[in-house]
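All remarks here apply to the structure that follows.
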Amino acid sequence: MKKLASLLLALALALSLCAPALAADEPSDWAHAEVDGAIGHELVPVDLQGNYQAPITRAEFCRLVVQLMRQTYAMDFIEFIEEHGGFEHSFTDTSDREILAAAQLGIVNGVGGGRFDPNSTIERQAAAVMLKRAANILDLTPTVALTFRDAGEFAPWATDGILFSSALIDPYNLFRVMGGTESFRTMADEEVFEFTPHGLYTREQAICTMLRIYDNWEMKQMDPDGYHEMFGFG
């Protein structure tokens with residue numbers, strides 16, 4: 001009887017230690033539906049389906065954005081590039097084909113000195129710039145950008161990307177590709193936002209933004225007139 005009690009106690013302790021790890025492997029509540037949707041559209045490689053709250057690396061971002069292009073164009077860009085002259089870009093610290101493909105598409109750049117720095121994390125403002133480049137490839141059109149009270153913190157090279165990404169709206173859930181991290185009301189009762197440009201871009205944020213771009217592209221393909229009418233493009 002004592003052995004059984006000891007065994008049950010050990011099992012309970014093991015389960016209690018495992019529970020937080022399992023919970024951490026789930027998307028945040030706000031991201032859950034969109035992460036599930038992105039997985040359903042085959043936008044997320046299997047090995048990126050977890051560790052959702054971790055900052056995404058530059059290499060992981062490339063994998064997501066190249067997969068987005070595969071699903072929208074229904075073709076493998078890596079094979080296409082290799083069959084039509086090969087990769088034009090090279091880096092001294094990586095030969096990853098997903099990275100080279102994203103660079104060839106003009107979505108990502110190196111960090112200087114011939115390096116890509118694949119394992120470094122991404123600030124939100126840098127993510128917005130890369131998302132704008134991806135959306136431009138898909139010929140997506142933004143609406144009206146948000147007003148950010150921390151705009152003075154934006155790097156000059158990032159401002160256009162931030163405003164574009166905040167103005168591109170998912171037609172199904174009306175979420176902006178990248179909105180504010182907080183919102184405030186001014187004395188004139190106008191809503192303003194903080195973008196937090198130096199905040200880190202997480203894996204679940206990246207997955208959600210890929211889905212929002214995909215949804216934009218999908219509606220534009222299915223109903224171009226309705227897409228333009230919905231967002232007031234005339």
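The values are calculated or read from the model by the stated rules, or taken from the named source; none is laboratory data. From a predicted model like this one, the values you see are computed outputs, not experimental measurements. Cβ coordinates were reconstructed from backbone atoms using ideal geometry, including for glycine residues, and neighbour counts include every protein chain displayed.
With the requirement that a residue be part of a loop (DSSP other than H, G, I, E, B), touching a Ser or Thr at 6+ places or on another chain (Cβ under 8 Å) and of a type outside the set (A, V, I, L, M, F, W, C), what does the range 118-141 give you?
Taking the range 118-141 first, the residues part of a loop (DSSP other than H, G, I, E, B) are 118-120, 122, 138-141.
Imposing the further condition that a residue be touching a Ser or Thr at 6+ places or on another chain (Cβ under 8 Å) reduces the set to 118-120, 122, 138.
Once the filter is applied, which keeps residues that are part of a loop (DSSP other than H, G, I, E, B), touching a Ser or Thr at 6+ places or on another chain (Cβ under 8 Å) and of a type outside the set (A, V, I, L, M, F, W, C), the range 118-141 yields Pro118, Asn119, Ser120.
With the requirement that a residue be closer than 19 Å to Ala134 by Cα and either of a type outside the set (A, V, I, L, M) or not in a loop (DSSP other than H, G, I, E, B) (or both), what does the range 168-183 give you?
Within the range 168-183, Ile169, Asp170, Pro171, Phe175, Arg176, Gly179 qualify.
Restricting to the range 184-209, name every residue that is part of a loop (DSSP other than H, G, I, E, B) and at pLDDT 85 or above.
Initially, the range 184-209 is screened for residues part of a loop (DSSP other than H, G, I, E, B), giving 186-190, 195-199, 201.
Listed by number, the residues that qualify are Phe195, Thr196, Pro197, His198, Gly199, Tyr201.
What tally of residues in the range 36-56 results from selecting those that are in contact with a Phe, Trp or Tyr (Cβ under 7 Å, 6 or more places away or on another chain) and assigned to a helix (DSSP H, G or I)?
0
What residue, of Arg115, Arg97, Arg133, is under 18 Å from Phe61 (Cβ atoms), assigned by TED's automatic domain parsing to the domain that holds Val65 and surrounded by 15 or more Cβ atoms within 10 Å (Cβ to Cβ)?
On inspection, the qualifying residue turns out to be Arg97.
Kindly indicate whether Ala102 is in a helix (DSSP H, G or I), free of Cβ contacts under 8 Å to residues at least 60 places away in the same chain and surrounded by 17 or more Cβ atoms within 10 Å (Cβ to Cβ).
When the stated conditions are applied, Ala102 passes them.
Pick from the range 156-215 the residues that are among the small types (Gly, Ala, Ser) and either more than 15 Å from the chain's Cα centre (by Cα) or within 25 Å of Gly226 (Cβ to Cβ) (or both): which of them is surrounded by the fewest Cβ atoms within 10 Å (Cβ to Cβ)? Reasoning before the result, please.
Taking the range 156-215 first, the residues among the small types (Gly, Ala, Ser) are 158, 161, 165-167, 179-180, 183, 188, 199, 206.
Add one more test, that the residue is either more than 15 Å from the chain's Cα centre (by Cα) or within 25 Å of Gly226 (Cβ to Cβ) (or both), and what stays is 158, 165-167, 179, 183, 188.
Details: Ala158: 21, Ser165: 30, Ser166: 23, Ala167: 19, Gly179: 16, Ser183: 12, Ala188: 5.
Once the filter is applied, the top-ranked residue is Ala188.
Go through the range 27-45 and give me each residue that's among the acidic types (Asp, Glu) and touching a helix residue (DSSP H, G or I) at 6+ places or on another chain (Cβ under 9 Å). Quick ask: steps written out before the conclusion?
Step one: filter the range 27-45 for residues among the acidic types (Asp, Glu), giving 29, 34, 36, 42.
Glu34, Glu42 - these are the residues of the range 27-45 that are among the acidic types (Asp, Glu) and touching a helix residue (DSSP H, G or I) at 6+ places or on another chain (Cβ under 9 Å).
Please indicate, with yes or no, whether at least one residue in the range 224-232 is assigned to a helix (DSSP H, G or I), among the aromatic types (Phe, Trp, Tyr) and at pLDDT 95 or above.
No, the conditions are met nowhere in the range 224-232.
Just one of (1) within 18 Å of Asp29 (Cβ to Cβ); (2) of a type outside the set (Phe, Trp, Tyr); (3) part of a helix (DSSP H, G or I) trips up Ser165, so point out which.
The failed condition is (1).
Just to be sure before I move on: is Val46 farther than 13 Å from Leu211 by Cβ, at pLDDT 95 or above and surrounded by fewer than 15 Cβ atoms within 10 Å (Cβ to Cβ) in the structure I sent? Let's see the steps before the verdict.
On the way: farther than 13 Å from Leu211 by Cβ: yes; at pLDDT 95 or above: yes; surrounded by fewer than 15 Cβ atoms within 10 Å (Cβ to Cβ): yes.
When the stated conditions are applied, Val46 passes them.
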